[in-house]
Amino acid sequence: MKEGYTNVSRYWLGIPVWRALGGITEIELSAVPYVYNNDKTAVFLDVRPADRYAKKHISGTRNLPNTGIIPGRKDVGEIRKAKNDGRLPYEDHNTRIIVFGDDSANAARVAEALAKEGFHNVAFFRGSVRDVAAAIGKSL
């Protein structure tokens with residue numbers, strides 16, 4: 001609590017079970033460059049609208065617009081398209097997925113939708129796309 005966090009919970013069965021049950025995690029800014037530089041299989045998803053992504057985005061990221069996510073429905077909308085066109089790892093649902101955008105609520109919403117689709121290693125970043133770009137040393 002020293003860091004200012006409130007409403008913190010600990011899941012006693014551990015992170016693998018938490019993820020298997022559809023739970024998502026939050027990645028801290030300090031971990032973003034570590035994952036980006038060391039996990040060559042990780043997928044970084046920018047959830048901003050497609051037109052904003054097309055204008056400026058971090059190279060190597062993929063776009064999954066939050067506007068195409070249909071809450072509570074499985075294998076429909078933008079997620080289904082992303083499974084079919086390769087933006088999402090179709091073969092290995094344990095691939096690490098980092099979700100970010102300009103709005104942490106949208107990033108968390110997309111991360112939750114992906115977890116409900118059976119992706120087991122999903123984390124969202126609470127900061128902005130600019131924070132991600134700066135952390136990994138890429139321009140936007």
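Would you pick out the residues in segment 98-140 that are at positive phi and of a type in the set (Asp, Glu)?
Hits for segment 98-140: nothing passes.
Does segment 21-38 contain at least one residue that is closer than 21 Å to Ala82 by Cβ and free of Cβ contacts under 8 Å to residues at least 12 places away in the same chain?
No - not one qualifying residue is present in segment 21-38.
Out of segment 115-135, which residues are within 20 Å of Arg52 (Cβ to Cβ) and aliphatic (A, V, I, L, M)?
Within segment 115-135, Val129, Val132, Ala133, Ala134, Ala135 meet the criteria.
Looking for whichever is farther than 21 Å from Lys116 by Cα and aliphatic (A, V, I, L, M) here; the options are Val47, Val8. Which one fits?
None of the other options fit; the residue is Val8.
Could you check how many residues of segment 28-72 are small (Gly, Ala, Ser) and surrounded by 15 or more Cβ atoms within 10 Å (Cβ to Cβ)? Let's see the steps before the verdict.
Within segment 28-72, the first condition is being small (Gly, Ala, Ser), and the residues that meet it are 30-31, 42, 50, 54, 59-60, 68, 72.
Keeping just the survivors that are surrounded by 15 or more Cβ atoms within 10 Å (Cβ to Cβ) gives 42, 68.
Selection size over segment 28-72: 2.
Restricting attention to helices (runs of 4 or more DSSP H) lying wholly within segment 40-137, give those where 2 or more residues are in contact (Cβ under 8 Å) with a residue 12 or more places away in the chain and within 15 Å of the chain's Cα centre (by Cα).
77-85, 104-116, 129-136
Given (1) over 23 Å from His93 (Cα atoms); (2) in contact with a Pro (Cβ under 8 Å, 6 or more places away or on another chain), where does Asp51 come up short, assuming only one miss?
(2)
Each value in this text was obtained by applying a stated rule to the coordinates, not by laboratory testing. Model, not experiment: these values are computed from the prediction. Cβ atoms come from the backbone with ideal geometry, glycine included; neighbour counts cover every protein chain shown.
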